[in-house]
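Report on the following structure.
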Amino acid sequence: MATESFLLNAREQAISWPPGTVLLDVLRDNLGFKGTKDGCREGDCGACMVLLGIPEGEGLAYRTINSCLLPVGEAAGRHIVTVEGLNQPDLSPVQQALIDEGAIQCGVCTPGLVIALAGFLLSGAPLSEADGVAALGGNICRCTGYVSIRRAIARLCGQFPGLATDGGASSSERTSALVALGILPPYFLEAPPRLQKLLETPSDGAPGAARRKPRGSRSPV
Ligand code: FES
Ligand code: FES
């Protein structure tokens, strides 16, 4: 068993796991984050999607990953965001767009769609319907036929014209903009310093030794 720490939504989380454990199983079975769905377990459906934040400059660069394929050790020293971590007192614009456009039926794919759309808005990609559809290319929906999902994407793209022109923004500037627009909860602003502090905290039983640094700021996982 190995133990590492990471940020899980707005909290610090220490985890112990046997070799071969994937993040999906830790989230659902050990930590009770059932919003992350267990679909194909092969990286094909996107139901298990979460955001992975990796230190970049003064902020964190976020991208979407399928937690069914991520060895949980790869979460160490990073910020993992589940669909619960995007909740706010009111529905976010992403959640509202999916509801208003009728893009939710059985709901199994919905957490993955919410994460994928947040990842799209965080990515700095051109805010076009075509780019949004491409960003959701790894999300399968068996119910809606995708037309209503496309409408939700188009609605979001038209809702935030300011985001469409900040493609050169840094990851921290992008995150701040999404927090200001109510797309992300405010705790995202505190994630970079909290993660840095976590990385500098001595490991249990090894005084003075820092926890393992994340492997490369943009390494594939
Ligand atoms: Fe289908 Fe992970 S459960 S991609
Ligand atoms: Fe049922 Fe998408 S709403 S799978």
Would you mind telling me which numbered condition in (1) in a loop (DSSP other than H, G, I, E, B); (2) away from ligand 1 (no atom under 16 Å from the Cβ); (3) among the charged types (D, E, K, R); (4) crowded, with 16+ Cβ neighbours inside 10 Å Glu84 fails?
(1)
Condition check for Ser67: out of contact with any Cys (no Cβ under 8 Å at 6 or more places or on another chain), more than 21 Å from Gln196 (Cβ to Cβ), in contact (Cβ under 8 Å) with a residue 12 or more places away in the chain and not aliphatic (A, V, I, L, M):
no
Collect the residues in segment 139-152 that are free of Cβ contacts under 8 Å to residues at least 60 places away in the same chain and not in a helix (DSSP H, G or I), keeping them in residue-number order.
Cys141, Arg142, Cys143, Thr144, Gly145, Tyr146
For Ala135, all conditions in the list (1) surrounded by 22 or more Cβ atoms within 10 Å (Cβ to Cβ); (2) touching a Phe, Trp or Tyr at 6+ places or on another chain (Cβ under 7 Å) hold save one; what is the number of the exception?
(1)
Being more than 17 Å from Ile54 (Cα to Cα) and in contact with a strand residue (DSSP E or B) (Cβ under 7 Å, 6 or more places away or on another chain) is the filter; apply it to segment 181-209 and report the residue that is modelled with the highest pLDDT.
Pro202
Go through segment 106-133 residue by residue and tally those that are within 16 Å of ligand 1 (Cβ to nearest atom) and either out of contact with any strand residue (DSSP E or B) (no Cβ under 6 Å at 6 or more places or on another chain) or closer than 23 Å to Ala180 by Cβ (or both).
11
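Table: residues versus (1) over 15 Å from the mean Cα position of the chain (by Cα); (2) in a helix (DSSP H, G or I); (3) in contact (Cβ under 8 Å) with a residue 12 or more places away in the chain.
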site	(1), (2), (3)
Glu74	no, yes, yes
Gly119	no, yes, yes
Gly137	yes, no, no
Ala154	yes, yes, yes
Cys157	yes, yes, yes
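Those residues that are within 14 Å of the chain's Cα centre (by Cα) and either assigned to a loop (DSSP other than H, G, I, E, B) or away from ligand 1 (no atom under 14 Å from the Cβ) (or both), I need them from segment 56-72; list them, please.
Leu60, Ala61, Tyr62, Arg63, Ser67, Cys68, Leu70 - these are the residues of segment 56-72 that are within 14 Å of the chain's Cα centre (by Cα) and either assigned to a loop (DSSP other than H, G, I, E, B) or away from ligand 1 (no atom under 14 Å from the Cβ) (or both).
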Among (1) crowded, with 18+ Cβ neighbours inside 10 Å; (2) under 24 Å from Phe120 (Cβ atoms); (3) away from ligand 1 (no atom under 11 Å from the Cβ), there is one condition Cys48 misses while meeting the rest; what is its number?
(3)
Gly35 - would you say it is modelled with pLDDT of 95 or more, away from ligand 1 (no atom under 11 Å from the Cβ) and in a loop (DSSP other than H, G, I, E, B)?
yes
Name the residues in segment 1-24 that are in contact (Cβ under 8 Å) with a residue 24 or more places away in the chain and either charged (D, E, K, R) or touching a Cys at 6+ places or on another chain (Cβ under 7 Å) (or both), would you?
Glu4, Glu12, Val22, Leu24
Among (1) buried (at least 20 other Cβ atoms within 10 Å of the Cβ); (2) within 16 Å of ligand 1 (Cβ to nearest atom); (3) of a type in the set (A, V, I, L, M); (4) under 28 Å from Gly145 (Cα atoms), which single condition is Ala75 missing?
(4)
Checking Leu51 against (1) away from ligand 2 (no atom under 16 Å from the Cβ); (2) in contact with an Asp or Glu (Cβ under 6 Å, 6 or more places away or on another chain), which single condition isn't satisfied?
(2)
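The values are calculated or read from the model by the stated rules, or taken from the named source; none is laboratory data. Everything quoted here is computed from the prediction, not taken from an experiment. Positions of Cβ are generated from backbone atoms using ideal geometry, with glycine treated the same way; all protein chains shown enter the neighbour counts.
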